[in-house]
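Accompanying notes for the structure given below.
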């Protein structure tokens, strides 16, 4: 039995995934700096940011609270691709991803008092070659400005544009939910 947790995220996709998994939760969010030390390996960046989110929220809660935080990044080659600021940047990001393989890394941190479970899940995604017309259509219709890599796999571009994925589909949505549930079960018997 998983006890009610605190989700340190406003992401509608993470909320939806936890609801699908029937994990009871409340949402508590605090503004958190998403910068990370230069030179940090990409696999560690998402966990670093998630840990900062978890600690920020945890500081205002009772020690018995279980806090779940996550951060998702997109990595093309060695470059971390964040959320686009405007239309031109979204189009540019998708042009770079077109016809290429990239990694989606979600860092997950679960904290209860001083106990912590932290891990990163990596999914490899390959896009078909996309036309400028397809990319502009997607950006104009779906406005992916709150999404790392300027896309959501569960939207139109994922349905028509993704050639293959290797790994957890839900990780690309923002949370490797089966791994999260297994980790939360470790806290389940504790009071």
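Every read-out reported here was derived from the displayed coordinates using simple, explicitly stated rules and does not represent laboratory data. Keep in mind it's a predicted model, so treat the numbers as computed, not measured. Note that each Cβ is placed from the backbone with ideal geometry, even for glycine, and that neighbours are counted across all protein chains shown.
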Quick calc: nm separation of the 7 Å Cα→Cβ label points for residue 19 and residue 61 -> 1.9
Compute the long axis of helix 42-58 from its Cα atoms, compare it with the longest principal axis of the Cα atoms of the chain, and write down the angle in degrees, 0 to 90, nearest 10.
40
Tilt of helix 177-187 relative to the longest C-alpha principal axis of the chain, in degrees (0 to 90, nearest 10)?
10
The chain, Gaussian network, Cα under 10 Å: of 25, 119, 36, the residue fluctuating most is 36
How many angstrom lie between the C-alpha centres of the range 34-59 and the range 16-31?
19
Computed FRET efficiency, Cβ-Cβ of residue 160 and residue 182, R0 22 Å: what is it to the nearest 0.05?
0.10
Residue order, fewest to most beta carbons within 10 Å, for 181, 91:
181, 91
Ranked on Cβ counts within 10 Å of their own Cβ, fewest leading, 184, 175, 76 go 76, 184, 175
If you take Cα Rg over 2.2 N^0.38 Å from the coordinates, which of (1) 1.96; (2) 1.04; (3) 1.16 do you get?
(2)
Considering Cα pairs under 8 angstrom that are at least six residues apart, work out the relative contact order of the range 46-167 and quote it in whole percent.
30
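Rounded to the nearest 500 deg cm²/dmol, what is the calculated helix-only ellipticity per residue at 222 nm for the chain, with -39500 (n - 2.57) per DSSP H run of length n ≥ 4?
-11000 deg cm²/dmol
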Compute the acute angle (0 to 90°) between the alpha-carbon long axis of helix 87-97 and the principal axis of greatest extent of the alpha-carbon atoms of the chain; round to the nearest 10°.
90
Could you check the simple spin-label distance between residue 116 and residue 129, using points 7 Å along Cα→Cβ, in nm with one decimal?
4.6
